[in-house]
Every structure is written in structure tokens, then in C-alpha cells.
1. Hey, among the residues in segment 195-230 that are among the β-branched types (Val, Ile, Thr), outside any helix (DSSP H, G or I) and in contact with a helix residue (DSSP H, G or I) (Cβ under 8 Å, 6 or more places away or on another chain), which one's farthest from Asn266 (Cα to Cα)?
2. Taking segment 263-302 on its own, how many of its residues are among the small types (Gly, Ala, Ser) and farther than 16 Å from Asn173 by Cβ?
3. Of these, Ser244, Ser263, Ser297, which one is among the small types (Gly, Ala, Ser), crowded, with 19+ Cβ neighbours inside 10 Å and either modelled with pLDDT under 95 or more than 30 Å from Val77 (Cα to Cα) (or both)?
4. Look at Val142 and say whether it is surrounded by fewer than 19 Cβ atoms within 10 Å (Cβ to Cβ), assigned by TED's automatic domain parsing to the domain that holds Trp231 and among the hydrophobic types (A, V, I, L, M, F, W, C).
5. Taking the condition farther than 24 Å from His290 by Cβ, of a type outside the set (Lys, Arg) and part of a loop (DSSP other than H, G, I, E, B), does Gly134 pass?
6. Taking only pairs six or more apart or across chains, which ones have beta-carbon atoms under 9 Å, a first residue in segment 272-283 that is closer than 15 Å to Thr214 by Cβ, and a second residue that is among the hydrophobic types (A, V, I, L, M, F, W, C) and surrounded by fewer than 17 Cβ atoms within 10 Å (Cβ to Cβ)?
7. Please work out which one of (1) touching a residue at least 24 places away in the same chain (Cβ under 8 Å); (2) acidic (Asp, Glu); (3) surrounded by fewer than 14 Cβ atoms within 10 Å (Cβ to Cβ) is the condition Asp74 fails and give its number.
Amino acid sequence: TFYGEATTSKGFTWYTDSGSQTSDVQVVERKEDLLSDFSQAIIFQGTVGKSNNSPKEVVHKAVATGLKSDTAYDYRVGDAKLNIWSEPAVFTTAPEKGSFTFIDLSDTQFADQAGANVTADTIKKALSQAGNAGFIVHNGDVVDNKSEKLWNLLLQTSKSSLINTTIMPAVGNHDVGNSTFIDHFNLDTPAAATKTGAYYSVDYSNAHFVVLNTNESSGSYKSFTDAQVDWLKSDIKAAKKAGSQWIIVVIHIGPYTVAEHSSDSNVKDTRTKIAPLFNELGVDLVLQGHDHVYERSKPIVK
């Protein structure tokens, strides 16, 4: 995941059995056509915590910092004390400016191995066709329910793709339960991580991504707290003041759809209260999920 400055840092999350109580990430600048030499790697130490959803496992999280922008790095995660490491993989930090490509997907939720295979094939083909995609945005409903079995199916079946890219996830309504969303993603959300998910933002090149949590509610909104809406306003205003050229919102339950959820009360509420706010704040693009259809609109300006 992105954690902190996308140009100079990277977040990691992995699970092991409780025998591993140290979280280490080795990172070394990639050299083309050469095998990874981790004897020259920088080691970053992270944290270990209990899994809220899998009692026999622990959750490891770490952040690599002080990296170069727009640079490929080989990495592996593991336990330096036990000398146990994952297979090597690669990630690339964000560029400071210039054009870029990313992949957007949503609702990868499934109920069995066959569904996991479809998801894995889709991600693999998307990465291949997109070429040099900088990262993957996920619009929510990563899994179908809080079952750790489904998380394992997704992450193991799509492992070869996911370990070599960066994911920017929004939480969906099916991702709620036992804090599993927060457990599985290392996100820089000091004030916004709850059992319902998280909201946060990321700067990537000349774009500012705002990732919202539609699993909250308040007296004012059916899918948001007042605190999240206040944060949304201040976050986008600060991004525009800092010079971001594109404001992109990632949201699971969005304001507009031609499918079955269009008349749901929370969708109507977002349409009447949040969509006008997007226009007021100068949002350029909204990426949403929830309804399992592909649709895109013409520019919506009121």
C-alpha cells in the first residue's frame, strides 16, 4: 500500500503463524537483469499484532522510508531473527511529476476457489494490458464477507500479481467485520481507521486521490460521519492549494448508478448531499463500486 509520501515510502502487510514475532522488510534498489542481492539491502522493522479474524495468526506491518522517487526496488518480508523470508518481489515508488497509468477495479468478492481464479486472471490480464501501471485502485468489496478463508483465497491465488504492485483500496460493505480491512492493509490513517474501514488520501504525481469510507453514518448522512465530510472538505482544499492538478475520489457506494441500488436510501442520500459537494470542491473523477455493472458517465456539472 501507499503509506506517507508515495514518492519516498511504501507500506507492507503480511500474515504468519504466531511463531514469528519480528517484522522485517529488506529493500534494495533494483538492478536490471541481475538477481536480487539482499546482502546490500536496507532493513526496516515494523510491528506485530494479533489478527482480529484469525486467532492462530499474527499480522505484520512495516513501512520503508527514505526511498528515491520513480525508482524500482526489490524487496522481501520476513523475520530476520529466524532467517525466514518471502520470495523476492518488486515495487516502484511514485514519480514526482508527469503522466502515469493505473488500474481501477472493484467488487472482486467471491465465494469459492473458482471465483478466486477469475479474480486472479482478471488482475493478471489487467496488469499485462496496462503495461507500466503504477498501482491498482480497488473500489471496495475486496472479499464477500469477513471470513479469513476468503482473504486467503484472494491473496494466495492473486499473489504473483499483488506482490509486484501497490494497491490503493477503498472499503466496501462486504469488507466490514472484525476489523479485517484495517488488518489486511497498512494505511496511513491515524484518525480515520475504525471497525468499519478507513478513509485517507494519497498524492501520486500531479493527482490527489481521496479514498472514502461509505460504511459510516451519522445524523447528517447515511454513509458518512460529519468528521469524514469535514475531513473531505479540508483535505481537497489543501491538495488544490498545494498544486494538485487532478482530484480523484474513490468510493464504494457512489451517488449515481443505472443498476438496482439506484433507489437505495444511502445512494439517494449520497446523490443529494455528497455529489454536490464533489462539484463544489472541484473533483475531476469519481471511481465507485457496489453495483456489479460497468458504466461511465459524461461530465456531471451543476
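1. Of the residues in segment 195-230, the ones among the β-branched types (Val, Ile, Thr) are 196, 202, 210-211, 214, 225, 229.
Going one step further and asking which of them are outside any helix (DSSP H, G or I), we end up with 196, 202, 210-211, 214, 225.
Filter once more, so that each one left must be in contact with a helix residue (DSSP H, G or I) (Cβ under 8 Å, 6 or more places away or on another chain): 210, 214.
Details: Val210: 20, Thr214: 9 Å.
Across segment 195-230, the extreme among qualifying residues is Val210.
2. Start the filter on segment 263-302 by keeping residues that are among the small types (Gly, Ala, Ser), which leaves 263, 265, 275, 282, 289, 297.
Among the residues that remain, those that are also farther than 16 Å from Asn173 by Cβ are: 263, 275, 282, 297.
Matching residues across segment 263-302 total 4.
3. Working: Ser263 fails: crowded, with 19+ Cβ neighbours inside 10 Å; Ser297 fails: crowded, with 19+ Cβ neighbours inside 10 Å.
Checking each option against the conditions leaves just Ser244.
4. Values: surrounded by fewer than 19 Cβ atoms within 10 Å (Cβ to Cβ): no; assigned by TED's automatic domain parsing to the domain that holds Trp231: yes; among the hydrophobic types (A, V, I, L, M, F, W, C): yes.
Against the criterion (surrounded by fewer than 19 Cβ atoms within 10 Å (Cβ to Cβ), assigned by TED's automatic domain parsing to the domain that holds Trp231 and among the hydrophobic types (A, V, I, L, M, F, W, C)), Val142 does not qualify.
5. On the way: farther than 24 Å from His290 by Cβ: yes; of a type outside the set (Lys, Arg): yes; part of a loop (DSSP other than H, G, I, E, B): yes.
Yes: the conditions hold for Gly134.
6. Listed by first residue and then by second, the contacts come to Ala275/Ile300; Phe278/Ile300.
7. (3)
For (1) touching a Gly at 6+ places or on another chain (Cβ under 8 Å); (2) farther than 23 Å from Tyr3 by Cα, each residue gets a yes or a no:
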| site | (1), (2) |
| --- | --- |
| Gly19 | no, yes |
| Val25 | yes, no |
| Ser36 | no, yes |
| Ser39 | no, yes |
| Phe44 | no, no |
| Val48 | no, no |
| Lys61 | yes, no |
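The values are calculated or read from the model by the stated rules, or taken from the named source; none is laboratory data. Given the structure is predicted, the values throughout are model-derived calculations rather than measurements. Every residue, glycine among them, receives a Cβ derived from its backbone with ideal geometry; neighbour counts consider all protein chains shown.
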